[in-house]
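J.: The structure's right below; bear with me while I get my questions together.
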Amino acid sequence: MKDVKETLLERTSVRRYEREDIPQEALDFIYRAVENTPTSYNGQQFSVIDISDQPLKEELYAITGQKQLKTCRRLMIFCSDYNKILLLAKRKGLEAPEFTDTMDGVMIGVIDASLAMMSAVVAAQACGLGSNCIGYLRTADPAKIAELLKLPKGVFVVCGLAIGVPREQPDLKPKEPKSLVFHENHYRQDTDAMVNELADYDAVVSEYNRTRSGSTTENDWCGHILDYYRHAMSYRILDYLKAQGYDVKR
Ligand SMILES: Cc1cc2nc3c(=O)[nH]c(=O)nc-3n(C[C@H](O)[C@H](O)[C@H](O)COP(=O)(O)O)c2cc1C
């Protein structure tokens, strides 16, 4: 198993996988890491749909256009989940507050599922596997995906994670410098200096995009991210949440 430093500092998203199976020992380790994720109130407001069925993976590929979904050996879909606690409360005759109807209720489920996914990312990486988070499983066709995965009310997809034996080793992507990520004691007030550092970083990413191994592009960081936001403005996530039994009021 890789040490913690190599696991965390050499991780990249891997989108091409070998055909070989993931060793059972590695899968068991990923499960245990996911189960031991810290969660709000220890409520464990998440579930994972663990997909090995090839026809189902291909159907999800057809919906999302993400090739990794059919070539990965395992696809784990991390969901926010209040169904489980509500089932138990009902069995015990306990009245449950409508926590799903609050923004904090939504955030808690999203945080728990995201942390669980990160546990899986790290565990997979430590075992020498590669992974790729797939947000399109949340956004591409939420109603169809909820139907395919038979999601009950109180459960919605936060993100997918494709896992497999790596068939590529992409270059590490340059990330924002420490000075832009860590603010000392309070949020930085030197906005002009920040903007300069952001512009420098933008230039670093442009250079990386022009020169990286594999396919190269001409885009900068800022314009690229804004294009994603533009596209994402068509997503109707509130409607999706309503369909899954949420009614966010406050
Ligand atoms: C929530 C989330 C959703 C993502 N969705 C996708 C996706 O749908 N398709 C994809 O190819 N990569 C996806 N990614 C991977 C990012 O593009 C990737 O993490 C980012 O470009 C940084 O590259 P790195 O992981 O190699 O450091 C996603 C990552 C996160 C955290």
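The values are calculated or read from the model by the stated rules, or taken from the named source; none is laboratory data. Values in this document were obtained by computation on a predicted structure and should not be read as measured data. Neighbour counts are summed over all protein chains in view; Cβ atoms, including those assigned to glycine, are modelled from backbone coordinates with ideal geometry.
J.: Name the residues in segment 67-107 that are surrounded by 12 or more Cβ atoms within 10 Å (Cβ to Cβ), in contact (Cβ under 8 Å) with a residue 24 or more places away in the chain and part of a helix (DSSP H, G or I), would you?
T.: Within segment 67-107, Q68, L69, T71, N83, K84, I85, L86, T100, D101, G105, V106 qualify.
J.: Given the structure, is A26 in the same structural domain as A116 (by TED's automatic domain parsing), surrounded by 17 or more Cβ atoms within 10 Å (Cβ to Cβ), modelled with pLDDT of 95 or more and out of contact with any Ser or Thr (no Cβ under 6 Å at 6 or more places or on another chain)?
T.: yes
J.: Looking at segment 95-111, can you tell me whether even one residue there is among the charged types (D, E, K, R), closer than 24 Å to R15 by Cβ and modelled with pLDDT of 95 or more?
T.: Within segment 95-111 (the criterion being among the charged types (D, E, K, R), closer than 24 Å to R15 by Cβ and modelled with pLDDT of 95 or more), the answer is no, since none of the residues qualifies.
J.: What are the residue pairs meeting all of these: first residue in segment 128-145, first residue hydroxyl-bearing (S, T, Y), second residue in a helix (DSSP H, G or I), Cβ atoms under 6 Å, and 6 or more apart or on different chains?
T.: Filtered contacts from segment 128-145: S131/V121; S131/A124; Y136/T64.
Condition check ((1) at pLDDT 95 or above; (2) more than 24 Å from L8 (Cα to Cα); (3) exposed (fewer than 12 other Cβ atoms within 10 Å of the Cβ)) across all residues:
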| residue | (1), (2), (3) |
| --- | --- |
| L115 | yes, no, no |
| C133 | yes, no, no |
| K153 | yes, yes, no |
| L180 | yes, no, no |
| N185 | yes, yes, yes |
| V204 | yes, no, no |
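J.: Across segment 158-178, what is the total count of residues that are in contact with an Asp or Glu (Cβ under 8 Å, 6 or more places away or on another chain) and either crowded, with 16+ Cβ neighbours inside 10 Å or not in a loop (DSSP other than H, G, I, E, B) (or both)?
T.: Number satisfying all stated conditions: 3.
J.: Sticking with this structure for a sec: Would you please name the residue that is nearest to D141 (Cα to Cα), looking only at residues in segment 33-66 that are of a type in the set (D, E) and assigned to a helix (DSSP H, G or I)?
T.: E59
J.: Residue by residue through segment 126-157, note down the ones that are within 15 Å of the ligand (Cβ to nearest atom) and either among the small types (G, A, S) or in a helix (DSSP H, G or I) (or both).
T.: Those that are within 15 Å of the ligand (Cβ to nearest atom) and either among the small types (G, A, S) or in a helix (DSSP H, G or I) (or both): G130, S131, G135, Y136, L137, R138, T139, A140, P142, I145.
J.: Can you report the number of residues in segment 52-62 which are touching a helix residue (DSSP H, G or I) at 6+ places or on another chain (Cβ under 6 Å) and within 24 Å of A116 (Cβ to Cβ)?
T.: Residues that pass the stated criteria total 3.
J.: Being surrounded by fewer than 21 Cβ atoms within 10 Å (Cβ to Cβ), aliphatic (A, V, I, L, M), within 24 Å of A33 (Cα to Cα) and within 13 Å of the ligand (Cβ to nearest atom) is true for just one of V110, V48. Which residue is that?
T.: Step by step, each of V110, V48 is checked, and only V110 is surrounded by fewer than 21 Cβ atoms within 10 Å (Cβ to Cβ), aliphatic (A, V, I, L, M), within 24 Å of A33 (Cα to Cα) and within 13 Å of the ligand (Cβ to nearest atom).
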